[in-house]
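Heads up: the structure comes next, in structure tokens.
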Amino acid sequence: MALNAAGTNFCFSAMRSNQHVTQTATMPSNDGNFQHCRANMADGFTRVLKVLSVAASRHRRPCLCPERTFMNICILVVFCLACCVTSHAQSKHSPSSNFPTYEGRVMCGYQGWFRAEGDGSGEGWNHYSQSGALTAATLHPDFWPDVSEYEKTYPTSLATRDESTARVFSSWDQSTTDLHFRWMQQYGIDGVFVQRFYGGLRTRPERLHSRVVLEHAIKSSQEYGRAIAVMYDLSGLRDHGEDCTAIIQDWKELVDELKITSQPTNNYLYHRGKPLVVIWGLGFPDRGYNIRDIGVDKVIDFLKNDPQYGDCSVMLGVPTYFRDLNVDCLPDPYLHKLIESADVVMPWMVQRFTPLLHLFDQTRYEVQVKADMAWCAKRHVDYVPCVYPGFSWHNMHNHDGDHAMMYPLNQIPRQKGSFYWNLISGAIDAKAKMLYVAMFDEIDEGTAIFKCSNNPPAGVPLCDYEGMSTDHYLWLTGEAGKMLRGEIPFSTIIPPRENTK
């Protein structure tokens, strides 16, 4: 038996006295994927052996000496495996990670976009203020951070209820990221997906500027043993005349320059044994770009198949009702094609469920998750339910003539964590294997789980944690991970807690 493995394909055949006695069977080499490479070799040899077996039965004699055939196959397999290992070694990713799978883990989204005047970023009060100076009239978030543990904070023009100066943190500071990752370690939260918004990817200077927080996160993940992964958010992609292929160049730079998947201690999140990369923002009707025209298929193909930068698992962020292509989802079946080409799908469920509908919505959420998981299982795509503690974006819409009644404060109330735990227990009861929490630090839309103040600035509309300890949602998220992994009993009721702060 013979194998030509010099090109991009494997060519299998059998020879006697330097003459082919079978037709050549051609299989792709899949040089960027060791598992596919090995499987194709086995398939190729099997095809040739079947032809030889048929030929032998027709001639009533063996075509080749069995012992010699076996020896040749062993030699060829060893040779081919060596070729595959050599090819696989071209990958720039570490072959393994301390976080080899998403299964059994709770990961949070991490915005990292809060800035303060004087922090060195040159971005003013970004995401604290609608525009310009941070005042009561320009306030952007609906929650106020508890900054009692931050190394660096920045004074604002607002005052707390006890008339002290209200201060904020900046995500630009390494000390801020360190504190957040220390909290993750303290409360048993596995890690975060760090957002990479498309608006910061177009040029080399923009990419360098926008990756500062990601660089912080890499260092903090090493220090505190937490997982990180990159989530490319297509927010900022133009409606026309632009595709999303700048992601390819950015990923190359992250791999080459930041060594994001090859740190000495590799804490990058893998799934199915490969680095997990997320593309978020496909199928939403409030986005003007056409998902057929933005080159996302090329990006997915690159991330999965490029011999150096690929061999990644890909997760797509899509609308809640992606399965039926209705309600909050564009009715374009191309979305299903993209999902089927990926490895994991995460539907964005924020705002789609509310405790104001009492038990009806709790049941509806679990039913939705179960049906989604069944749909994905038929297509061999893994599924991550999205859970969130509540929702409020009153202040970010209470400007420029927007109607406050359309965006009420505390729109989806937290009910001291009961709503959050209902979603968590519903997902786990539906047999979900992993969870995505929206979000770790999102105070603009009121989904943050990190420490928020019960003493926010006075004279402005802001939510608080309803008298619960400021670490309540960090603790609940850690408990969610324990329940997901079976370390504590399943319960639809928040477990008891001792020694609260």
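The values are calculated or read from the model by the stated rules, or taken from the named source; none is laboratory data. All values derive from a computational prediction rather than experimental measurement. Positions of Cβ are backbone-derived with ideal geometry, glycine not excepted, and every protein chain shown enters the neighbour counts. These area figures cover heavy atoms from the full protein model, side chains too; ligands, DNA and RNA do not enter into them. Shrake-Rupley method; radii C 1.70, N 1.55, O 1.52, S 1.80 Å.
Scanning the range 445-500 for residues that are of a type in the set (S, T, N, Q) and touching a Ser or Thr at 6+ places or on another chain (Cβ under 9 Å) gives THR447, SER453, ASN454, ASN455, SER469, THR470, SER491, THR492, THR500. Among the residues making up the range 186-227, those that are surrounded by fewer than 18 Cβ atoms within 10 Å (Cβ to Cβ), polar (S, T, N, Q) and assigned to a helix (DSSP H, G or I) are GLN186, GLN222. Of the residues making up the range 326-385, those that are under 26 Å from THR447 (Cα atoms) and of a type outside the set (Val, Ile, Thr) number 30.
Residues in the range 351-360 that are touching a residue at least 24 places away in the same chain (Cβ under 8 Å) and surrounded by fewer than 21 Cβ atoms within 10 Å (Cβ to Cβ): GLN351, ARG352, THR354, PRO355, LEU356.
The residue that is nearest to the chain's Cα centre (by Cα), among those in the range 87-124 that are at pLDDT 95 or above, open to solvent by 50 Å² or more (accessible area, probe 1.4 Å) and farther than 21 Å from GLN185 by Cα, is SER96. For beta carbons closer than 7 Å, sequence separation of 6+ or different chains, a first residue in the range 325-344 that is small (Gly, Ala, Ser) and a second that is in a helix (DSSP H, G or I), the qualifying pairs are SER341/ILE300; ALA342/ILE300.
Could you count how many residues in the range 107-122 are of a type outside the set (Lys, Arg), in contact (Cβ under 8 Å) with a residue 40 or more places away in the chain and outside any strand (DSSP E or B)? Looking only at that region, the number is 8. Answer yes if at least one residue in the range 410-421 is at positive phi, of a type outside the set (D, E, K, R), touching a Ser or Thr at 6+ places or on another chain (Cβ under 9 Å) and outside any strand (DSSP E or B), and no otherwise. Yes: one or more hits. Residues in the range 154-175 that are part of a loop (DSSP other than H, G, I, E, B) and either basic (Lys, Arg) or buried (at least 20 other Cβ atoms within 10 Å of the Cβ) (or both): ARG161, PHE169, SER170, SER171, TRP172, ASP173.
Residues are listed down the side, and each one gets a yes or a no for (1) at pLDDT 95 or above; (2) small (Gly, Ala, Ser); (3) within 26 Å of the chain's Cα centre (by Cα):
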residue: GLY401; (1), (2), (3): no, yes, no
residue: TRP421; (1), (2), (3): yes, no, yes
residue: SER425; (1), (2), (3): yes, yes, yes
residue: LEU474; (1), (2), (3): yes, no, yes
residue: SER491; (1), (2), (3): yes, yes, no
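Restricting the range 94-120 to residues that are touching a Gly at 6+ places or on another chain (Cβ under 7 Å) and aliphatic (A, V, I, L, M) leaves a set whose member that is nearest to SER313 (Cα to Cα) is MET107.
Just one residue in the set VAL369, VAL345, VAL314, VAL350 is of a type in the set (Val, Ile, Thr) and assigned to a loop (DSSP other than H, G, I, E, B); that residue is VAL350.
Okay, residues lined up against (1) farther than 20 Å from SER91 by Cα; (2) in contact (Cβ under 8 Å) with a residue 24 or more places away in the chain; (3) small (Gly, Ala, Ser):
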position: GLY200; (1), (2), (3): yes, yes, yes
position: THR203; (1), (2), (3): yes, no, no
position: VAL213; (1), (2), (3): yes, yes, no
position: LEU234; (1), (2), (3): yes, yes, no
position: GLU253; (1), (2), (3): no, yes, no
position: GLY273; (1), (2), (3): no, yes, yes
position: ASN290; (1), (2), (3): yes, no, no
position: GLY295; (1), (2), (3): yes, yes, yes
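Scan the range 447-471 and report the pairs whose first residue is within 16 Å of MET396 (Cα to Cα) and open to solvent by 20 Å² or more (accessible area, probe 1.4 Å) and whose second residue is hydroxyl-bearing (Ser, Thr, Tyr) and modelled with pLDDT of 95 or more, with Cβ atoms within less than 9 Å and a gap of 6+ or a chain change. Here the result reads LEU462/SER453, each pair linking the range 447-471 to a residue that is hydroxyl-bearing (Ser, Thr, Tyr) and modelled with pLDDT of 95 or more. For the residues THR265, THR320, THR245, the requirement of being among the hydroxyl-bearing types (Ser, Thr, Tyr) and either without any contact (Cβ under 8 Å) to a residue 24 or more places away in the chain or closer than 22 Å to VAL381 by Cα (or both) singles out THR320.
In the range 238-265, the residue that is farthest from GLY199 (Cα to Cα) out of those that are open to solvent by less than 10 Å² (accessible area, probe 1.4 Å) and not in a helix (DSSP H, G or I) is THR261.
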